[in-house]
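I have placed the structure first, in the form of structure tokens, so that the comments after it can refer back to it.
The values are calculated or read from the model by the stated rules, or taken from the named source; none is laboratory data. None of these values were measured; they are calculated from a predicted model. Neighbour counts are summed over all protein chains in view; Cβ atoms, including those assigned to glycine, are modelled from backbone coordinates with ideal geometry. When the accessible area is computed, the model is the full protein with side chains, heavy atoms only, and any ligands, DNA or RNA have been set aside. Shrake-Rupley method; radii C 1.70, N 1.55, O 1.52, S 1.80 Å.
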Amino acid sequence: MEVSKNIASELLDIKAVTLNPKSPFVWASGIHAPIYTDNRLTIAYPKFRQQIAKDLADLIKENYPEVEVISGVATAGIPHSTGVANILNLPLNYVRAQPKDHGKKGQIEGRCKKGDKVVLIDDLISTGGSILKAVHAVREAGAEVIGTAAIFSYNLPESTKNFADADTKLVTLTNYPTMIEVAQEQNYVEVEDMELLKQWYKEPESWGK
């Protein structure tokens, strides 16, 4: 399955992705970037939400055909993982960022049995921190994480290293290089802005410093 220009285009259309190279955003991680993504907006658009679920299901069938359980990273991954689990007719769970501080103090809700072959889904990958914490929790519960999937990834070097260190495969519907290519084709950005967007991708650590 090829990286999707259609998904990238829709994300731009609903303003889930904002590109502003001349006035960079500061992410929660402290990274300065010419792009800000809020994929939570996708759940407000039924047709697009269903397309994401279908495309993620196809991506998972192609890359992880042995999957037995779909898992969502709380909170943004839950609606998309639910849609995928429905399409594939598979059990579902979701993983909190931290265990509950009451009751059984569980971190995973839904099915997560020893030996289950699990694919985790999130909406966005920046450094990979959130989804990889969920990967660790699922592995601690005795299940086998056979891979992860997301709608969009910035393809940052830090995330590539983090997934490699965690011995975890990642597949996504679309990514930053495809996003800025579509933005240029559809005149979302000016020529000089495009150069700044490409520069950030080559050297994200030095941007804004």
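Computed values, structure above
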{"quantity": "All positions within region 32-78 that are open to solvent by less than 50 Å² (accessible area, probe 1.4 Å), under 18 Å from SER130 (Cβ atoms), of a type outside the set (S, T, N, Q) and in contact with a Lys or Arg (Cβ under 7 Å, 6 or more places away or on another chain)", "calculated": "ALA74, ALA76"}
{"quantity": "Residue among SER29, SER9 that alone is assigned to a helix (DSSP H, G or I) and in contact (Cβ under 8 Å) with a residue 60 or more places away in the chain", "calculated": "SER9"}
{"quantity": "Where ASN155 falls short, out of the listed (1) within 26 Å of ILE180 (Cα to Cα); (2) of a type outside the set (Val, Ile, Thr); (3) not in a loop (DSSP other than H, G, I, E, B)", "calculated": "(3)"}
{"quantity": "Cβ pairs under 9 Å, 6+ apart, first in region 40-54 and more than 16 Å from ALA74 (Cα to Cα), second open to solvent by less than 70 Å² (accessible area, probe 1.4 Å) and not in a helix (DSSP H, G or I)", "calculated": "ALA44/ILE14; TYR45/ILE14; PHE48/ILE14; ILE52/ASP123; ILE52/ILE151; ILE52/LEU173"}
{"quantity": "Filter result (open to solvent by 30 Å² or more (accessible area, probe 1.4 Å) and either acidic (Asp, Glu) or over 17 Å from the mean Cα position of the chain (by Cα) (or both)) within region 119-141", "calculated": "ARG139, GLU140, ALA141"}
{"quantity": "Among residues of region 159-209, those that are surrounded by 16 or more Cβ atoms within 10 Å (Cβ to Cβ), of a type in the set (D, E, K, R) and within 17 Å of the chain's Cα centre (by Cα), counted", "calculated": "0"}
{"quantity": "Yes/no for GLU109 being within 22 Å of THR37 (Cβ to Cβ), of a type in the set (D, E, K, R) and open to solvent by 40 Å² or more (accessible area, probe 1.4 Å)", "calculated": "no"}
{"quantity": "Of the criteria (1) part of a helix (DSSP H, G or I); (2) closer than 26 Å to LYS61 by Cβ, which one GLY115 fails", "calculated": "(1)"}
{"quantity": "Any pair with Cβ under 6 angstrom, 6 or more apart, that starts in region 162-173 at a residue that is under 16 Å from ALA137 (Cα atoms) and assigned to a strand (DSSP E or B) and ends at one that is small (Gly, Ala, Ser) and open to solvent by 30 Å² or more (accessible area, probe 1.4 Å)", "calculated": "none"}
{"quantity": "Qualifying residue in region 101-111 (condition: part of a loop (DSSP other than H, G, I, E, B) and aliphatic (A, V, I, L, M))", "calculated": "no"}
